[in-house]
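Colleague: Let me begin by handing over the structure; questions about it come next.
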Amino acid sequence: MITGLSPDLESILLAGNQAPSGENCQPWRFVVRGTTIAIHLLSERDRSAYSWGQRSSYLAGGAVIENMVIEASAQGYRADVVYFPDRNDVWHVADVVLNKGSGIKADPLAVFIEKRITNRKPYAKASLTHEERAALLAVVAQDGCRFTLVEKKENIQRLGRVGSTNEEVMLTNHLLHQFFFSHVSWTEEEDDAKKVGFYIKTLELPPPAQAMFKLFKNWPAMRIFSALGFPKIIAKQNAATNASASAIGAFMLDRTEPLDFVKIGRMIERLWLTATSLGLSVQPLTGVLFFKLKIDAGEHAVFSPHEQRLISDAYQDASRICNAEGKSLVFMLRIGRGDAPSAQAVRFPLEDVVSLLP
């Protein structure tokens, strides 16, 4: 327990600290003054080769907010969110202002915050039940955000291939390859020490593939494997895993400003927690969508003309399937029933991310 911090606030902060983030970079710091929690993003923590304009960090900030609001209700507080309270500080994402009150109903999703996890295993090829579908679709939309649930098997397979375009591009692009493998931890001890990135077991690779993955880490060797067609083979395998989903959820935005990503981050976390409460597994499929954001923002030099075509074609196919209708498709996740994941991401201890002010 942090000295000077009440058990109620500690529970709320712990919930925020459980939010998902790209490459598990955990790009946040919390400053507590009385019963107000200021959420700050750390730009130096998120140096992702995938993200454009720190948008993945803003998504993570939204997930932090949603977790805090949910847990606050369980502790008997009403949580009022003030977005970007300091116009001169784009990294001060929000203040969560807590007010203790009577008759505040605990959000039933609070008990699932610690249980929410990414599961990259294959899922059982089974349809959602009527109750599961209704619960997922009932997630409250934020202004300017839209969510759709794709369940037709043919379309799930197509979106599974869209998601696997990430691996095909990453394994052939030097910058993305170097970034990805620099964020892989090969042992539990390494992962516990770094606390960011991907622990190899969370990737759910079968043992032979794990051995190959270590060879792929070497870029000269990877270039040889690329010439032999290995990236396409791996993408095809991942597409099949993606297609084992019962459904793929897709999130779309009218605009792509930081506030829009914070708000949709809240939606995504709520949907993910809802899926967890139903006993469903979830895995984000976002790589190619963020690649498209980078290209649209003029950061296309990182991609070869061939890679740009792959990304654009995949994005357009996903947009058609999801009926994006002019909105930006910014996030997808696959949903289904899978065995328990082999491992989960490590978190920084609360004392490393919290500051108390008088």
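None of the figures in this text is laboratory data; all of them are computed from the coordinates on show. Model, not experiment: these values are computed from the prediction. Using ideal geometry, Cβ is built from the backbone for each residue, glycine included, and neighbour counts are taken over all protein chains shown.
Colleague: Somewhere in region 221-240, is a residue closer than 30 Å to F348 by Cβ and touching a Ser or Thr at 6+ places or on another chain (Cβ under 7 Å)?
Modeller: Taking every residue of region 221-240 in turn, at least one turns out to be closer than 30 Å to F348 by Cβ and touching a Ser or Thr at 6+ places or on another chain (Cβ under 7 Å).
Colleague: Ok, one more. Please find, within region 297-318, the residue that is surrounded by the most Cβ atoms within 10 Å (Cβ to Cβ) out of those that are in contact (Cβ under 8 Å) with a residue 12 or more places away in the chain and charged (D, E, K, R).
Modeller: Per the criteria, the residue is E307.
Colleague: Is it fair to say V282 is more than 28 Å from L109 (Cα to Cα), within 15 Å of the chain's Cα centre (by Cα) and buried (at least 19 other Cβ atoms within 10 Å of the Cβ)?
Modeller: no
Colleague: For region 289-332, which positions are assigned to a helix (DSSP H, G or I) and touching a strand residue (DSSP E or B) at 6+ places or on another chain (Cβ under 9 Å)?
Modeller: L289, F290, K292, L293, D296, Y315, A318, S319, I321
Colleague: Considering region 166-177 alone, what residues qualify as being in a helix (DSSP H, G or I), closer than 17 Å to S51 by Cβ and in contact (Cβ under 8 Å) with a residue 60 or more places away in the chain?
Modeller: If the condition is that a residue be in a helix (DSSP H, G or I), closer than 17 Å to S51 by Cβ and in contact (Cβ under 8 Å) with a residue 60 or more places away in the chain, then N166, V169, M170, L175, L176 are the ones that fit.
Colleague: Answer with yes or no whether T3 is within 19 Å of L356 (Cβ to Cβ), hydroxyl-bearing (S, T, Y) and in contact with a Phe, Trp or Tyr (Cβ under 8 Å, 6 or more places away or on another chain).
Modeller: no
Colleague: Please work out which residue is nearest to the chain's Cα centre (by Cα), limiting yourself to region 329-342 and to residues that are more than 19 Å from S246 (Cα to Cα) and buried (at least 19 other Cβ atoms within 10 Å of the Cβ).
Modeller: V330
Colleague: Now, a different point. Given the criteria under 23 Å from Q26 (Cα atoms) and either assigned to a strand (DSSP E or B) or of a type outside the set (S, T, N, Q) (or both), does A106 qualify?
Modeller: Criteria not met by A106.
Colleague: Please find, within region 43-77, the residue that is nearest to L13 (Cα to Cα) out of those that are acidic (D, E) and within 14 Å of the chain's Cα centre (by Cα).
Modeller: Here the residue is E66.
Colleague: Same structure again: Any idea which of (1) in a strand (DSSP E or B); (2) surrounded by fewer than 23 Cβ atoms within 10 Å (Cβ to Cβ) is the one S43 doesn't satisfy?
Modeller: Status for S43: all satisfied but (1).
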